[in-house]
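**Student:** For reference, the structure I am asking about is given below.
The values are calculated or read from the model by the stated rules, or taken from the named source; none is laboratory data. No experiment lies behind these values; they were computed from the predicted model shown. Cβ sites come from the backbone with ideal geometry, for glycine too, and all protein chains shown count toward neighbours. Keep in mind that these areas ignore ligands, DNA and RNA; they rest on the heavy atoms of the full protein, side chains included. Shrake-Rupley method; radii C 1.70, N 1.55, O 1.52, S 1.80 Å.
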Amino acid sequence: MSRPADMDDKRTPSMSKDPAPSRRGFLTGALAAGGAIAGSRVAAQSPDPAITELQPWMQYLGDGVDARPYGTPSQYEAHVIRRNVEWLTADPVSSVNFTPLHELDGIITPNGLCFERHHAGIAEVDPTAHRLMINGLVDKPLVFTMQDLMRFPRENRVYFLECAANSGMEWAGAQLNGCQYTHGMIHNVMYTGVPLRLLLEEAGVKTNGKWIMPEGADASAMTRSIPIEKAMDDCLVAFKMNGEALRPEQGYPVRLVVPGWEGNMWIKWLRRIEVGDQPWHHREETSKYTDLLDNGIARRFTWEMDAKSVITNPSPQAPILHSKGPTVLTGVAWSGRGTIPRVDVTLDGGKNWHEARMSGPSFDKSMHRFYFEFDWDGKPLLLQSRTHDSTGYVQPTKNDLRAIRGENSIYHNNGIQTWHVNERGEAENVEVS
Amino acid sequence: MSKFLKILAPASAGTASVLTLAYVLADQFVVDMPAPARVSFVAAANAQETEAPAPTAETVAQANAEPPAPARDGGYGLGREALPEEIAAWDIDIRPDGQGLPVGSGDVWTGEEVFVEKCASCHGDFGEAVGRWPQLAGGQGTLERKDPVKTIGSYWPYLSTVWDYVHRAMPFGDAQSLTPDEVYAITAYLLYLNNIVEDDFELSNESFAEVEMPNAEGFKPDDRPETELTAFSGEACMEGCKDEVEITMRAAVLDVTPGSDEGDADVEDTAIEVEEQAAAQPADAEPAEEAVAGDQPTAPEDAAVAGEADKASVEGADAEAAPAEAVVEASAGPDPELVAAGERVFKKCAACHQVGDNAKNRSGPQLNGIVGRTAGTVEGFRYSGALEEAGADGLVWDHESLAGFLADPRAYLKGTKMSFAGLRSDEDITAITAFLEAQGE
């Protein structure tokens, strides 16, 4: 199909193909295109070419049904990707990337945008050569094929998975400019899987079996110790995410789901579950994922993820692109201990708070979406969100946390995030008194 | 459309025939539920779809009221019993009490040899770490400081964790290749590096339980229920909560955000590690990014005098045997676009290899002048035996050999310690070769 050469110049600025669109480009573009001024309708000075000119997609035929057998996002959404921070880790194989929270809405994270954290790269596991073994303190050690697993009854559940180190770079102060980087080690998908309880019952846990140790099939052979109560409660052995097979980077063909608990425990490429009478104290629960306090003592087995929220728009990567008037503020909140009945929002750094509007399904240990619509007066804002969870817990400030833990904890930073928005609508990661 | 009805007919028995298509479509996800539960679930789902206010506790309760996946008395009889050999193959975990340790032993000096050969390229000869790889020794007495150094000696509470982790996951990229005796020896050496044992120490499955780690008492159970949950629960202030609000810290001051103008320049001062030092602080280790030396490829003139070049040509006949094609291409200078593409691909290598001015050996050798050089000849780099032998046998890095090596390093050169899976695309290989060629010598 032929495409007029000038078309690219006429597309709206938000359709930029640039992977890192400049906010100045956004702003000038929005104004040039006759964006809303001051929230009151303005008369057009000249006819809008988006209307008066025939666009190529209005005239020419598009791709047929055989062109995209597995669909991908619009070419104009190419900047919506996971991103990593190169200087953060020694190499990209044992590293992490971040979910672009500022580009998403609702509560479900698309599979291709779920953040990744690997300790030995992405294992490409052949499902026909994958086995799940249960051994240790059981009546009968068992081996399951994927086909075997598919014959157990399944459940569908929406859960968030948050890395314990999410926001860990912010303990000593505001550092990264963008909620993708400060809060993007989280995703929220619907899992389909077999309750772990059914598999453990199949093997018969002995009365002295108090802990399980799931193990991954990748080259890090990831292991964690999990108390049997949690294993028998709500853990799933999942093989689908958002309806389709797990992505390789999320543990294809099968992973453990440990609702509400830190992401490192959700063993990917799950190949074995050992039952024991005490914890194993392996690397990821001693050297890592322990929370060092300022008195030199470290907390261990800090499994639950505390209630937390963040405003995703506006935020440093998602500035306000219009001038004064109606403005949509939105964000996400979650708790490892229940649901989110309420989120408060402040525009003035915490002097006054407003109850946000929750929208979308409210599931246990799942991400929740909130909105706060307001008329921006064009003056600087200090935006914060503060979530409440169903246990009555209220998200603390970062300084509240530092007062108890110091600055060396690395993990479990659920403090309130502040964005400073200036007169131009640009947002910055800051901390306030 | 009739397909849906056919699928549903058996599950819904006779009632299915009177259902409208709309109902069938709405209901297709819940065919396995008994009728009463199904109706209420659909009602709850609909309530969510059309909700104007926030979802009520009732809708949540309804969604959660779904019955659990059913258990069956005596189990489902699925799977098969695991054989003892199968359990032995996978059950390699070790506990603090020594459960799981195989019979074996290793001493400090053997450990040093193995460590230097297999571990030091990332962790340093003395566990001091190369680049941003984990530091394994030192740091005792720093846990209460602003920048604690958490190592095996200063932080890890149990020796079993060291043995287990080295055995299951190290060396990085060649997991489970160490024999039990090698793991005992490496563990003994790590204890020695941390001043926990003397140099005549031998670690075995028998002596294992006698070793006590310095920070064994440095941990306590999660006390958030007592120290935080109550303190952080209750009423929240909504109005007039503060008189003044001032900005006390700004990310823009030391912007290290990828893609930001300031970020790239300041990275050096603020490098942190996601799990080791997740706080802003001056890096004591150089950031990985520095490994990509500069934006411009080094000009060939600048590098012509480098000692390595002389060495490569002196060493011989082999270097001269490089294909004429490569020489011609080199003198003509590689295509700038290809070089730029190669620079992007090189990011995959930059954690271990440096190029350009001041390039140093890291966990991999510096790569200036690699094209045309005899394999295994960079001064001061400790190569694998396999690579040294290949060089002695006359292997020269030209387009052909690089292509073979980069496509699948361990297949091309069995025994190399380069833990890289390989570049899948020929285009990437061509590009990176052009980039390396542009680095001069």
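**Student:** For the list (1) more than 10 Å from chain B (Cβ to nearest Cβ); (2) within 17 Å of A:PRO326 (Cα to Cα), I need the number of the one condition that A:PHE370 fails.
**Tutor:** Checking A:PHE370 against (1) more than 10 Å from chain B (Cβ to nearest Cβ); (2) within 17 Å of A:PRO326 (Cα to Cα), the one that fails is (1).
**Student:** Sticking with this one: What number goes with the only condition from (1) free of Cβ contacts under 8 Å to residues at least 12 places away in the same chain; (2) at the interface with chain B (Cβ under 7 Å from one of its Cβ atoms) that A:ALA403 does not pass?
**Tutor:** Single failed check for A:ALA403: (2).
**Student:** Taking the condition of a type in the set (D, E, K, R), assigned to a strand (DSSP E or B) and over 25 Å from A:MET305 (Cα atoms), does A:ASP375 pass?
**Tutor:** So A:ASP375 passes the test.
**Student:** When segment A:191-221 is examined, which residues are found to be more than 8 Å from chain B (Cβ to nearest Cβ) and of a type in the set (Lys, Arg)?
**Tutor:** If the condition is that a residue be more than 8 Å from chain B (Cβ to nearest Cβ) and of a type in the set (Lys, Arg), then A:LYS206, A:LYS210 are the ones that fit.
**Student:** Would you please list the contacts, defined by Cβ atoms under 6 Å and residues six or more apart or on different chains, that run from a residue in segment B:338-365 that is open to solvent by 10 Å² or more (accessible area, probe 1.4 Å) to a residue that is assigned to a loop (DSSP other than H, G, I, E, B) and of a type in the set (Ser, Thr, Tyr)?
**Tutor:** Listed by first residue and then by second, the contacts come to B:CYS352/B:SER363.
**Student:** I've got another one for you. Just to be sure before I move on: is B:ASP181 at pLDDT 95 or above and out of contact with any Gly (no Cβ under 7 Å at 6 or more places or on another chain) in the structure I sent?
**Tutor:** no
**Student:** Select from segment B:187-213 the residues that are of a type in the set (Asp, Glu) and in a loop (DSSP other than H, G, I, E, B) and write down the one among them that is nearest to the other protein chains (Cβ to nearest Cβ).
**Tutor:** Per the criteria, the residue is B:GLU212.
Let's see how each residue does on (1) among the aromatic types (Phe, Trp, Tyr); (2) touching a Pro at 6+ places or on another chain (Cβ under 6 Å); (3) over 30 Å from A:PRO195 (Cα atoms):
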{"site": "B:ARG80", "(1), (2), (3)": "no, no, no"}
{"site": "B:PRO84", "(1), (2), (3)": "no, no, no"}
{"site": "B:GLY106", "(1), (2), (3)": "no, no, yes"}
{"site": "B:PHE115", "(1), (2), (3)": "yes, no, yes"}
{"site": "B:SER121", "(1), (2), (3)": "no, no, yes"}
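**Student:** In addition: Could you say whether any residue in segment B:214-225 is open to solvent by less than 50 Å² (accessible area, probe 1.4 Å), in a helix (DSSP H, G or I) and outside the structural domain of B:GLY111 (by TED's automatic domain parsing)?
**Tutor:** Yes; the residues of segment B:214-225 include at least one that is open to solvent by less than 50 Å² (accessible area, probe 1.4 Å), in a helix (DSSP H, G or I) and outside the structural domain of B:GLY111 (by TED's automatic domain parsing).
**Student:** Output the residues belonging to segment A:296-340 that are free of Cβ contacts under 8 Å to residues at least 40 places away in the same chain and either aliphatic (A, V, I, L, M) or more than 10 Å from chain B (Cβ to nearest Cβ) (or both).
**Tutor:** Correct list: A:ILE297, A:ALA298.
**Student:** With (1) under 16 Å from B:ASN215 (Cβ atoms); (2) within 14 Å of chain A (Cβ to nearest Cβ) as the list, and B:CYS122 as the residue in question, which single condition is left unmet?
**Tutor:** The number of the failed condition is (1).
**Student:** A further question follows. If a residue must be farther than 19 Å from A:PHE160 by Cβ and open to solvent by less than 10 Å² (accessible area, probe 1.4 Å), how many such residues does segment A:298-313 contain?
**Tutor:** Of the residues in that region, 2 qualify.
**Student:** Looking only at segment B:226-253, how many residues end up being closer than 14 Å to A:ASN429 by Cα, open to solvent by 100 Å² or more (accessible area, probe 1.4 Å) and in a helix (DSSP H, G or I)?
**Tutor:** 1
Let's see how each residue does on (1) part of a loop (DSSP other than H, G, I, E, B); (2) closer than 19 Å to A:TRP171 by Cα; (3) basic (Lys, Arg):
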position	(1), (2), (3)
A:GLN384	no, yes, no
A:SER390	yes, no, no
A:ASP400	no, yes, no
A:ASN408	yes, yes, no
A:HIS412	yes, yes, no
A:GLY415	yes, yes, no
A:TRP419	no, yes, no
A:ARG424	yes, no, yes
A:GLU431	no, yes, no
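**Student:** Collect the residues in segment A:341-358 that are closer than 16 Å to A:VAL430 by Cβ, at the interface with chain B (Cβ under 8 Å from one of its Cβ atoms) and in contact (Cβ under 8 Å) with a residue 12 or more places away in the chain, keeping them in residue-number order.
**Tutor:** A:ASP348, A:GLY349, A:GLY350
**Student:** How about segment A:359-375: which of its residues are surrounded by 21 or more Cβ atoms within 10 Å (Cβ to Cβ) and without any contact (Cβ under 8 Å) to a residue 60 or more places away in the chain?
**Tutor:** Across segment A:359-375, the qualifying residues are A:SER362, A:PHE372.
**Student:** Separate question: For segment B:148-186, which residues satisfy the criterion of being facing chain A (nearest Cβ under 9 Å) and among the charged types (D, E, K, R)?
**Tutor:** Once the filter is applied, which keeps residues that are facing chain A (nearest Cβ under 9 Å) and among the charged types (D, E, K, R), segment B:148-186 yields B:LYS150, B:ASP164, B:ARG168, B:ASP174.
**Student:** Can I ask one more? Looking at this structure, is A:PRO13 at pLDDT 95 or above, in contact with a Pro (Cβ under 9 Å, 6 or more places away or on another chain) and not assigned by TED's automatic domain parsing to the domain that holds A:PHE363?
**Tutor:** Taking the combined requirement at face value, the residue does not satisfy it.
**Student:** So if I check each of A:VAL432, A:VAL394, A:VAL421, which one is farther than 30 Å from A:SER323 by Cα, β-branched (Val, Ile, Thr), touching a strand residue (DSSP E or B) at 6+ places or on another chain (Cβ under 7 Å) and at pLDDT 95 or above?
**Tutor:** Only one candidate qualifies: A:VAL394.
**Student:** A follow-up question, please. For segment B:384-426, give me each residue that is touching a residue at least 60 places away in the same chain (Cβ under 8 Å), charged (D, E, K, R) and in a helix (DSSP H, G or I).
**Tutor:** B:GLU400, the sole residue that qualifies.
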